[in-house]
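Structure first, commentary second.
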Amino acid sequence: MKIFRTANKIFEFKKLSILENKIIGFVPTMGALHQGHLALVRQAKKESDYCIVSIFVNPKQFNNIDDYNNYPKSIEKDISLLKECNCDILYLPENNDIYGNYQGYKMDFEGLDNVLEGKYRTGHFQGVVDVVYRLFDIIKPDKSYFGIKDYQQLLIIKKMIKQAGFNIEIVECPIVREKSGLAMSSRNMRLSEKQKNNAAKIYEIIRNKKFSIDDNPKQIENQISQEINNIPDLKTEYVIFCEQDSLNQAYQFEKNNGVMLCVAVYCDKVRLIDNFFYVFK
């Protein structure tokens, strides 16, 4: 696996004939890699001739400085894991290589940045767009791989692709979970085993919640929130049923029309997100 620390090194490598007419698959990450990330890498390896992974903890997408400072870092372990997955290139830039001569990318979010994560994390998605646009412009991949745990991010990246005119296929990948059901996240590294067991109940509750098409979504949201809040260490920030494509809040359930339940929950001081898709037949 080649490791490049500057955009210029990427540019120099891409000039080589080895990448001519090759399909490049790209997985952007912030490191602290887990099996969820590695599932994206493995899929990129299957579908591409060349797999590139980036590791960059992007300061612009943190609205809480403590969250940024406490974000787990394990670069040597990450490198070892990527080598085991036969990753071809790791792009490991410093902040100046990303933002030195680049001010960011302005897009029309069409309201997607004002709901859910955007409502509670001011400026977060502008930071995500800034770094992903820059990475796409450097790597120029044919395909890029994102997990649906960050579903709102996925929709925004798709919208950015269209507005920026990038010819990149965004590949959606399913949530990878621990055996307990807890959605894999780099932030899980900050949880004790007891907290992980408690946090696993989030998925258990949203997966097993029984309700019908005639029920009121708001009432079900409140019930789910209460059930989660009754678990030690857990406190919900939001529990919201959304329309799948717009993420507008769903005020009623409709036959043959799926809804996405999105949740954000604090486990002590660690913020976790998850989602679950329901269809009424």
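For this structure, a couple of remarks:
- Within the stretch 223-249, being assigned to a loop (DSSP other than H, G, I, E, B) and more than 12 Å from Tyr278 (Cα to Cα) holds for Asn230, Ile231, Pro232, Asp233, Asp245, Ser246, Leu247, Asn248.
- Within the stretch 197-252, being among the aromatic types (Phe, Trp, Tyr) and either surrounded by 19 or more Cβ atoms within 10 Å (Cβ to Cβ) or over 27 Å from Asp268 (Cα atoms) (or both) holds for Tyr203, Phe211, Phe241, Tyr251.
- Just one of the listed residues (Leu33, Leu92, Leu40) is crowded, with 17+ Cβ neighbours inside 10 Å, of a type outside the set (D, E, K, R), more than 18 Å from Pro141 (Cα to Cα) and at pLDDT 95 or above, and it is Leu33.
- Yes/no for Ile220 being touching a helix residue (DSSP H, G or I) at 6+ places or on another chain (Cβ under 7 Å), of a type in the set (A, V, I, L, M, F, W, C) and either at pLDDT 95 or above or part of a strand (DSSP E or B) (or both): no
- Listed by first and then second residue, the pairs with beta-carbon distance under 8 Å, at least 6 apart or on different chains, first residue in the stretch 124-144 and assigned by TED's automatic domain parsing to the domain that holds Val53 and among the acidic types (Asp, Glu), second assigned to a strand (DSSP E or B) and buried (at least 23 other Cβ atoms within 10 Å of the Cβ), are Asp142/Gly25.
- Positions within the stretch 92-122 being closer than 30 Å to Thr6 by Cβ, out of contact with any Pro (no Cβ under 9 Å at 6 or more places or on another chain) and free of Cβ contacts under 8 Å to residues at least 40 places away in the same chain, in sequence order: Asn96, Gly100, Asn101, Tyr102, Gln103, Lys106
- Scanning the stretch 43-80 for residues that are part of a helix (DSSP H, G or I), out of contact with any strand residue (DSSP E or B) (no Cβ under 8 Å at 6 or more places or on another chain) and buried (at least 18 other Cβ atoms within 10 Å of the Cβ) yields Lys60, Gln61.
- Residues in the stretch 93-130 that are part of a helix (DSSP H, G or I) and of a type in the set (Val, Ile, Thr): 3 in all.
- Condition met for Ser192 (surrounded by fewer than 18 Cβ atoms within 10 Å (Cβ to Cβ), more than 20 Å from Gln153 (Cα to Cα), in contact with a Phe, Trp or Tyr (Cβ under 9 Å, 6 or more places away or on another chain) and without any contact (Cβ under 8 Å) to a residue 40 or more places away in the chain): no
- Candidates Glu20, Glu84, filtered to the one that is over 20 Å from the mean Cα position of the chain (by Cα), farther than 15 Å from Ile139 by Cβ and at pLDDT 95 or above: Glu84
- Here the stretch 135-180 is the region considered, the condition is being in contact with an Asp or Glu (Cβ under 6 Å, 6 or more places away or on another chain) and surrounded by 18 or more Cβ atoms within 10 Å (Cβ to Cβ), and the residue that is nearest to Leu19 (Cα to Cα) is Lys143.
The values are calculated or read from the model by the stated rules, or taken from the named source; none is laboratory data. Note that the structure is a prediction, hence the values are computed from the model and not measured. Glycine also receives a Cβ, built like all others from the backbone with ideal geometry; neighbour counts cover every protein chain displayed.
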